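So the structure is just underneath, and the comments pick up after that.
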Amino acid sequence: EDQVTQSPEALRLQEGESSSLNCSYTVSGLRGLFWYRQDPGKGPEFLFTLYSAGEEKEKERLKATLTKKESFLHITAPKPEDSATYLCAVQARGAGGSYIPTFGRGTSLIVHP
Amino acid sequence: DSGVTQTPKHLITATGQRVTLRCSPRSGDLSVYWYQQSLDQGLQFLIQYYNGEERAKGNILERFSAQQFPDLHSELNLSSLELGDSALYFCASSVAGGTGELFFGEGSRLTVL
């Protein structure tokens, strides 16, 4: 069974204090690892897709990296508007040939001004 | 705005009742996914449809059913509701049924009293 574990569950940072969120996974035949951002009461918003170990993607203050067992979401000099829950999802071939993303429980990030 | 529309946004009902949640995918997307999100379970995959046909099933209860219509909108039917069914229900769409990011709606918040 595909497993996705995110850590920490919650993270409080001061504005400008860089940090990293972790997503470790156990899956056979990874066909993509996704990062989403979710604001309270809203649907998850797509950030990045990573497909192979060594791949990196950047967007503003966020940088996602991927190894064979885990992914990191690095947040550089965060601002209060970066406060949200960050979700990681892995996609692999499941029963019947379908590809269904399996989500972790997320890391709740609060950035204090 | 992801382009995915869900109605209703909020729904309050009593145990034993039946409700229908509706989802319109992004223009051009053929695949629709339904997820349930509760505080203690995170995002749980329920069911996927692709171009009108069921493609994959997750942890969907027998009291729940779904369908995708010829115009590609989808409905999730929840019956014999229990207190534990209270959750956020998200619909997401993607271009195809395979790999790729999902675009989520704003969700339907169901409260069962």
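Computed from the coordinates by the stated procedures, all read-outs in this text should not be read as laboratory data. No experiment lies behind these values; they were computed from the predicted model shown. Heads up, the Cβs are rebuilt from the backbone with ideal geometry, glycines too, and the neighbour counts pull from every protein chain shown.
Structural remarks
- Annotation: extensible slack from A:Lys63 through A:Thr76 equals 3.9 nm (criterion: 0.36 nm per residue apart, minus Cα-Cα distance).
- Each semi-axis of the equivalent ellipsoid for chain B is √(5λ) with λ an eigenvalue of the Cα gyration tensor; in descending order they amount to 22, 14, 13 Å.
- With a 10 Å cut-off around each Cβ of A:100-106, the average count of Cβ atoms from other chains is 6.
- Point-to-point label distance, B:Asn77-B:Arg63, nm (Cα→Cβ direction, 7 Å offset): 1.6
- For the peptides B:63-72, A:21-30, the ranking by packing is A:21-30, B:63-72, with the highest mean count of neighbouring Cβ atoms within 10 Å listed first.
- Residue-averaged beta-carbon neighbours from other chains (10 angstrom radius) around B:38-47: 3
- Binned Cα-Cα distances of region B:1-57, short to long, each 5 Å bin given as a whole percent: 4, 14, 20, 25, 23, 10, 4, 0
- Computed lengthening from A:Gln14 to A:Ser28, 0.36 nm per intervening residue step minus Cα-Cα distance: 1.3 nm
- The dipole here belongs to chain B: it is taken about the Cα centre, uses +1 on the Cβ of Lys and Arg and -1 on the Cβ of Asp and Glu, and is about 140 debye.
- Legend: mean number of C-beta atoms from other chains within 10 angstrom of residue C-beta atoms, peptide A:61-70, equals 0.
- A Förster distance of 22 Å, applied to the separation of the beta-carbon atoms of B:Gln17 and A:Glu45, puts the FRET efficiency at 0.10.
- Size of electric dipole in the protein assembly as shown: Cβ of Lys, Arg +1 and of Asp, Glu -1, about Cα centre, debye, nearest 20: 140
- Out-of-range pairs (alpha-carbon distance over 29 Å; input A:Lys42/B:Lys57; A:Lys42/A:Lys68; A:Lys69/B:Lys57; A:Lys42/A:Lys79; B:Lys9/B:Lys57; A:Lys42/A:Lys63): A:Lys42/A:Lys68
- Magnitude of the charge dipole for region A:31-113, about its Cα centre and with charges confined to Cβ atoms of Lys, Arg (+1) and Asp, Glu (-1), is about 260 debye.
- Residue-wise HN-Hα coupling along region B:71-78, computed from phi with Karplus coefficients 6.51, -1.76, 1.60 (Hz; x: Gly, Pro): 7, 6, 6, 10, 10, 10, 9, 10
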